[in-house]
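The values are calculated or read from the model by the stated rules, or taken from the named source; none is laboratory data. Note that this is a predicted model, so its numbers are computed, not measured. Counting neighbours? That spans all protein chains shown, and the Cβs are built from the backbone with ideal geometry, glycine included.
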There are 2 protein chains.
Amino acid sequence: MMNTEWIAVDWGTSHLRAWAMRGETVLHHARSGAGMSRVNRDGFQSALLSLVESWLGPAPVDVIACGMVGARQGWVEAPYSAVPCPALPVCPVRVPGTDPRIRAFVVPGLKQNEPADVMRGEETQIAGFLSPRPHWDGVICLPGTHTKWVQVSAGEVISFRTFMTGEMFDLLCGQSVLKHSVGDGWDEAAFGDAVADTLSRPENLAARLFGIRAADLLRGQDTGRARARLSGLLLGAELAATRPYWLGQQIAIIGSPDLSAAYAAALKQQGAFCEIADATQATLAGLSQARNLTRQTT
Amino acid sequence: MMNTEWIAVDWGTSHLRAWAMRGETVLHHARSGAGMSRVNRDGFQSALLSLVESWLGPAPVDVIACGMVGARQGWVEAPYSAVPCPALPVCPVRVPGTDPRIRAFVVPGLKQNEPADVMRGEETQIAGFLSPRPHWDGVICLPGTHTKWVQVSAGEVISFRTFMTGEMFDLLCGQSVLKHSVGDGWDEAAFGDAVADTLSRPENLAARLFGIRAADLLRGQDTGRARARLSGLLLGAELAATRPYWLGQQIAIIGSPDLSAAYAAALKQQGAFCEIADATQATLAGLSQARNLTRQTT
């Protein structure tokens, strides 16, 4: 049996994912719902250990974590680096007083002073994506609950913007009046029409949203069509806002497969070309880079 | 003691309000949280009776209700009238099989086929507002959970649009990541700046929203200022979308005092002038008109 050399951890608001690593090779993978929002200040170590205990041996193992776990309310605060700054990880912050079987580190996030913006976790994916592409210039889109658009040039993160598109989709789907009309399924044509609609007239978003409910009440509507339309309306408005970011640029999308495909389809419809990168691979590559920094300094 | 001649009822998704009336005079007022969303199909009559029982006598009393109570899932379905149509109530639909102490009626809502849109309750306020102003032309804004903008000309409702601004404000305040930054209080200047921001650049809404959180994380921010900014951003985007409605028009706002004042301030900032009308008075005047129709036909 191969021994765990280090443990890679992606610890966000709603999830905790861990990988047992040997060099760049994944030995095991585990995940739980013990995200930041469900863990008490004192509960981080036990939440992690309960997930990875079977991977540990007598010798201390490095744990390299990224994500919201580095927030002020997290396991240890890892202060933000300010953009513009190199698109490489800075040295992770050591978590004091851990169980002797682990040496835990958290990767700092990025902040932008004007307009105010922050990220935690995506900086690691960006570094991982760029590590085999040192001369890559362009725009990286990281879709999710809080989608990030990141401008990269000459190895630096120049600027970024966060959009609450994913969170708004979840709230509108699950908790607004639209929950009565939106359900499973998907309709590619409805998605494309909706993207085009709010991309050209982003101010119409709030009215078009209620239109989904009204169309259902008056004419009945397929729930998957409604879901695609809701997604398209929100995404179209985001693409209208990010046009200066993506127009005429090289674009990479790092996210879950479904979400990345939706973003790519919407951008392709606007004549933009984008590459879809594997999110897990980017995370692991970035955490591996961060780990190398801890080995140089400790 | 004066006897109740009829009972006016405003029955929305989240509230039930009733007034004991003698002609146009309010004798008593009562309200409860027994809105549409909390009442079973069979529970409407008992929810109402528990609120108004003390107003009833031996002779049957007319109950005239408007709002979501006329929806398909309501007390009785009151089918929509299609716009364009006169801005007067059409004859309310009688609720069958009620307690002998009441004769209950529900006012139909309005629908628009293209773009699809619906209203239930606001049509009664519009009729009530217009009853002493038969030659009034212009735009009526009814702010609320689902704000309506209604174009009125020559005594007809020509068209209308619904905006989910209020519901989005509630969801973002209470359930999104912004709940950590938004709280009590208000800042008039922050509200005005935010309105101007999304009115001129409505596509920026989703990014500006996250900016409220980021500014708080990086610099700390007054919770009331954040609340005013959130409200202003959403309202500015709505005013951008409704510009063809209100620009150069006579505008009347019918809503709760706080919300009406916020809409009026934002419109005034754009050089528009608006009148604020009392919402309860409009509802009661509209229901009184609807009652007269039931007396002509029964």
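Does the range A:45-63 contain at least one residue that is within 14 Å of chain B (Cβ to nearest Cβ), hydroxyl-bearing (Ser, Thr, Tyr) and not in a loop (DSSP other than H, G, I, E, B)? So far as the range A:45-63 goes, no, none of its residues is within 14 Å of chain B (Cβ to nearest Cβ), hydroxyl-bearing (Ser, Thr, Tyr) and not in a loop (DSSP other than H, G, I, E, B).
Output the residues belonging to the range A:221-241 that are over 18 Å from B:Thr162 (Cβ atoms), surrounded by 21 or more Cβ atoms within 10 Å (Cβ to Cβ) and not basic (Lys, Arg).
Step one: list which residues in the range A:221-241 are over 18 Å from B:Thr162 (Cβ atoms), which gives A:222-225, A:227-228, A:231-232, A:235-236, A:238-241.
Those left that are additionally surrounded by 21 or more Cβ atoms within 10 Å (Cβ to Cβ): A:225, A:227-228, A:231-232, A:235-236, A:238-241.
Listed by number, the residues that qualify are A:Ala228, A:Ser231, A:Gly232, A:Leu235, A:Gly236, A:Glu238, A:Leu239, A:Ala240, A:Ala241.
Restricting to the range B:145-157, name every residue that is among the hydrophobic types (A, V, I, L, M, F, W, C) and not in a loop (DSSP other than H, G, I, E, B). Answer for the range B:145-157, where residues must be among the hydrophobic types (A, V, I, L, M, F, W, C) and not in a loop (DSSP other than H, G, I, E, B): B:Trp149, B:Val150, B:Val152, B:Val157.
When each of A:Arg295, A:Arg227 is tested for being in contact with a Phe, Trp or Tyr (Cβ under 8 Å, 6 or more places away or on another chain), away from chain B (no Cβ under 13 Å) and not aliphatic (A, V, I, L, M), the lone residue that passes is A:Arg227. Checked against the criterion of being in contact with a helix residue (DSSP H, G or I) (Cβ under 9 Å, 6 or more places away or on another chain) and under 30 Å from A:His135 (Cβ atoms), the range A:26-42 contains one or more residues that satisfy it.
Answer yes if at least one residue in the range A:228-241 is more than 28 Å from A:Lys179 (Cβ to Cβ) and small (Gly, Ala, Ser), and no otherwise.
Going residue by residue through the range A:228-241, those that are more than 28 Å from A:Lys179 (Cβ to Cβ) are none.
The answer is no; no qualifying residue exists.
Run down B:Leu287, B:Leu218, B:Leu209, B:Leu267 and say which single residue is within 11 Å of chain A (Cβ to nearest Cβ) and crowded, with 20+ Cβ neighbours inside 10 Å. Can you show your working first?
Values: B:Leu287 fails: within 11 Å of chain A (Cβ to nearest Cβ); B:Leu218 fails: crowded, with 20+ Cβ neighbours inside 10 Å; B:Leu267 fails: within 11 Å of chain A (Cβ to nearest Cβ).
The conditions single out B:Leu209.
Restricting attention to the range A:157-168, the residues being surrounded by fewer than 20 Cβ atoms within 10 Å (Cβ to Cβ) and hydrophobic (A, V, I, L, M, F, W, C) number 1.
On the given criteria, is B:Thr198 touching a strand residue (DSSP E or B) at 6+ places or on another chain (Cβ under 7 Å), within 9 Å of another protein chain (Cβ to nearest Cβ) and buried (at least 22 other Cβ atoms within 10 Å of the Cβ)? I'd like the intermediate steps shown before the answer.
Working: touching a strand residue (DSSP E or B) at 6+ places or on another chain (Cβ under 7 Å): no; within 9 Å of another protein chain (Cβ to nearest Cβ): yes; buried (at least 22 other Cβ atoms within 10 Å of the Cβ): yes.
The answer is no for B:Thr198.
Taking the criterion of being out of contact with any Phe, Trp or Tyr (no Cβ under 7 Å at 6 or more places or on another chain) and polar (S, T, N, Q), the residues of the range A:239-282 that qualify are A:Gln249, A:Gln250, A:Ser256, A:Ser260, A:Gln269, A:Gln270, A:Thr280, A:Gln281.
Return yes or no: is B:Met119 free of Cβ contacts under 8 Å to residues at least 60 places away in the same chain and crowded, with 21+ Cβ neighbours inside 10 Å? Can you show your working first?
Numbers: free of Cβ contacts under 8 Å to residues at least 60 places away in the same chain: yes; crowded, with 21+ Cβ neighbours inside 10 Å: yes.
Yes; evaluated as a whole, the condition is true for this residue.
Of the candidates A:Thr25, A:Thr4, the single residue that is β-branched (Val, Ile, Thr) and under 24 Å from the mean Cα position of the chain (by Cα) is A:Thr25. Going through the range B:140-156 one residue at a time, which ones are surrounded by fewer than 23 Cβ atoms within 10 Å (Cβ to Cβ) and β-branched (Val, Ile, Thr)? Answer for the range B:140-156, where residues must be surrounded by fewer than 23 Cβ atoms within 10 Å (Cβ to Cβ) and β-branched (Val, Ile, Thr): just B:Thr145. Flag not set for B:Leu16, criterion: farther than 26 Å from B:Thr147 by Cα and assigned by TED's automatic domain parsing to the domain that holds B:Gln289.
Give the range A:233-259 a look and list any residue that's of a type outside the set (D, E, K, R) and either touching a His at 6+ places or on another chain (Cβ under 6 Å) or more than 14 Å from chain B (Cβ to nearest Cβ) (or both), or say none.
Here is the first cut: in the range A:233-259, the residues of a type outside the set (D, E, K, R) are A:233-237, A:239-242, A:244-257, A:259.
Selection gives A:Gly248, A:Gln249, A:Gln250, A:Ile251, A:Ala252, A:Ile253, A:Ile254, A:Gly255, A:Ser256, A:Pro257, A:Leu259.
The set of residues in the range A:34-52 that are surrounded by 11 or more Cβ atoms within 10 Å (Cβ to Cβ) and farther than 23 Å from A:Asn292 by Cα comprises A:Ala34, A:Gly35, A:Met36, A:Ser37, A:Arg38, A:Val39, A:Gly43, A:Phe44, A:Ser46, A:Ala47, A:Ser50, A:Leu51.
Is it fair to say A:Tyr245 is over 20 Å from B:Thr162 (Cβ atoms), among the hydroxyl-bearing types (Ser, Thr, Tyr) and either surrounded by 23 or more Cβ atoms within 10 Å (Cβ to Cβ) or touching a Cys at 6+ places or on another chain (Cβ under 7 Å) (or both)? Criteria not met by A:Tyr245. Take A:Val83 and tell me if it is in contact with a strand residue (DSSP E or B) (Cβ under 8 Å, 6 or more places away or on another chain), under 28 Å from A:Ala116 (Cα atoms), surrounded by 18 or more Cβ atoms within 10 Å (Cβ to Cβ) and modelled with pLDDT of 95 or more. So A:Val83 passes the test. When the strands (runs of 3 or more DSSP E) confined to the range B:78-144 are screened for residues that are within 22 Å of B:Tyr263 (Cβ to Cβ) and within 14 Å of another protein chain (Cβ to nearest Cβ), those reaching at least 2 such residues are found at B:110-112, B:117-119, B:138-142. Taking the range A:268-294 as the range and being over 20 Å from the mean Cα position of the chain (by Cα) and without any contact (Cβ under 8 Å) to a residue 60 or more places away in the chain as the test, the residues that pass are A:Lys268, A:Gly271, A:Ala272, A:Phe273, A:Asn292. Here A:Leu171 passes the criteria (1) under 30 Å from A:Gln281 (Cα atoms); (2) free of Cβ contacts under 8 Å to residues at least 12 places away in the same chain; (3) more than 8 Å from chain B (Cβ to nearest Cβ) except the one numbered (3).
Yes or no, residue by residue, for (1) under 19 Å from A:Gln125 (Cβ atoms); (2) touching an Asp or Glu at 6+ places or on another chain (Cβ under 9 Å); (3) not assigned by TED's automatic domain parsing to the domain that holds A:Thr124:
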position: A:Gly43; (1), (2), (3): no, no, no
position: A:Leu49; (1), (2), (3): no, yes, no
position: A:Gly57; (1), (2), (3): no, no, no
position: A:Ala65; (1), (2), (3): yes, yes, no
position: A:Ala78; (1), (2), (3): yes, no, no
position: A:Ala87; (1), (2), (3): yes, yes, no
position: A:Pro96; (1), (2), (3): no, no, no
position: A:Pro100; (1), (2), (3): no, no, no
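When you scan the range A:171-187, do you find a residue that is touching a helix residue (DSSP H, G or I) at 6+ places or on another chain (Cβ under 7 Å) and basic (Lys, Arg), even just one? Looking through the range A:171-187, at least one residue is touching a helix residue (DSSP H, G or I) at 6+ places or on another chain (Cβ under 7 Å) and basic (Lys, Arg).
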